[in-house]
Amino acid sequence: MAKPEYYYGVHSVESLLELEPERVLTLFTLKGRDDHRLKRVLELAEPFGVSVQQASRDKLEKLAGLPFHQGVVAAVRAHPTLNEQDLELLLKTSNQPLLLALDQVTDPHNLGACIRTAAAMGVEAVIVPRDRSASLTPTARKVAAGGAEKVKFIQVTNLARTLGQIKEEFNVRVVGTMLDDKALPIQNFDFTGTPVCVVMGAEDTGLRPITQSQCDQTVFIPMAGNLQSLNVSVATGMALYEACRQRNV
């Protein structure tokens, strides 16, 4: 049997109990904590016979790997890793999905924030390269605040090759966010009518040239101030909001 994963934080654990309660093996709660947020978590767990153990702050910190566990940690049956075949199945069965690809975003906090926004904006899958990219660590899940249970997280061997394949086989339009000579203001790109994959690069390096080569169009976020760069999770939120706005008119 695979080792369990650990989820921590009230939002993350609540979302898991609402969407996939069968995966929860044990809940560890902070000894002495008794408030309405914890009671809600316990109410969600009770119908499924989830084992509940009270634990010290030190034990929760050890399980979570960080002190910011909010007094609740869940030991969870590991979820299968999704890959290129799962992405292909999604594109075969979904009607004009909105996708998000992250090119070498290595900070789990940024990954979690991007996933949280993706879930809010109706993105069906977040695609990342298997190497040199953050994975769904407990920290990323915590920051995602339940979004990781609502959006498919797909790891691929070669991101550029995958983007090329989904363009050719499923008519997905790939739009990269970067400032170059051909970039359009993001509001001028038409996100409607076909499947779309928005590609975001790492803050320090942006999109790699090999990833840029697969973009049908590049776009930029117009800014009125003197600052010309944004945190990748903030930029992702702004880009996905524009895509969502157009697609839901």
Q: Could you please report the charge total around Ala235, scoring K, R as +1 and D, E as -1 over all other residues with beta-carbon less than 12 angstrom from its beta-carbon?
A: -2
Q | Virtual spin-label span in nm between Glu22 and Lys182, 7 Å along Cα→Cβ | A | 4.7
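222 nm [θ] for the chain, helices only, -39500 (n - 2.57) per DSSP H run of 4+, per residue, to 500?
Using -39500 (n - 2.57) per qualifying helix, the result is -10500 deg cm²/dmol.
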Q) From the backbone phi of segment 111-121, what are the Karplus-calculated ³J(HN,Hα) couplings (6.51 cos²θ - 1.76 cosθ + 1.60, θ = phi - 60°) in whole Hz, Gly and Pro given as x? A) 4, x, 5, 5, 5, 4, 5, 4, 4, 5, 9
**Q.** Amide hydrogen neighbours beyond the local backbone of Val24, cut-off 5 Å, H modeled
**A.** Arg77
Q: Please list the non-local residues whose amide H lies under 5 Å from the amide H of Thr177, H modeled 1.01 Å from N, same-chain partners needing a gap of 5 or more.
A: Val199, Gly201, Val219
Q | 3J(HN,Hα) from dihedral phi, segment 232-243, Karplus parametrisation 6.51/-1.76/1.60, rounded to Hz, x for glycine, proline | A | 4, 6, 5, 4, 4, x, 5, 5, 5, 4, 5, 4
Q) Between Asn95 and Lys39, what is the FRET efficiency for a Förster distance of 51 Å, r being their Cβ-Cβ separation, to the nearest 0.05? A) 0.80
Q. If amide H atoms are built 1.01 Å from N in the plane of the peptide, which residues on other chains or at least 5 residues away come under 5 Å of the amide H of Val105?
A. Ala134
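Rank Ser12, Ser133, Ser229 by accessible area, highest first, at a 1.4 Å probe radius?
Putting Ser12, Ser133, Ser229 in descending order of accessible area: Ser229, Ser133, Ser12.
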Q. Taking the chain as a Gaussian network, Cα atoms linked when under 10 Å apart, which of Gly32, Gly146, Gly122 shows the biggest mean-square fluctuation?
A. Gly32
Q: Please report the Cα spread of segment 5-76 along all three principal axes, rounded to whole Å, starting with the longest.
A: 28, 25, 19
Q | the chain: most fluctuating residue of Gln104, Gln54, Gln212 per GNM, C-alpha cutoff 10 Å | A | Gln54
Q | ³J(HN,Hα), Karplus 6.51/-1.76/1.60, whole Hz, each residue of segment 136-142, x for Gly, Pro | A | 7, 6, x, 5, 4, 5, 4
**Q.** Rg/Rh for the chain, where both radii come from Cα atoms and Rh is the Kirkwood radius
**A.** 1.01
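The values are calculated or read from the model by the stated rules, or taken from the named source; none is laboratory data. All values derive from a computational prediction rather than experimental measurement. Virtual Cβ from ideal backbone geometry, glycine too; neighbours counted across all protein chains shown. Keep in mind that these areas ignore ligands, DNA and RNA; they rest on the heavy atoms of the full protein, side chains included. Shrake-Rupley method; radii C 1.70, N 1.55, O 1.52, S 1.80 Å.
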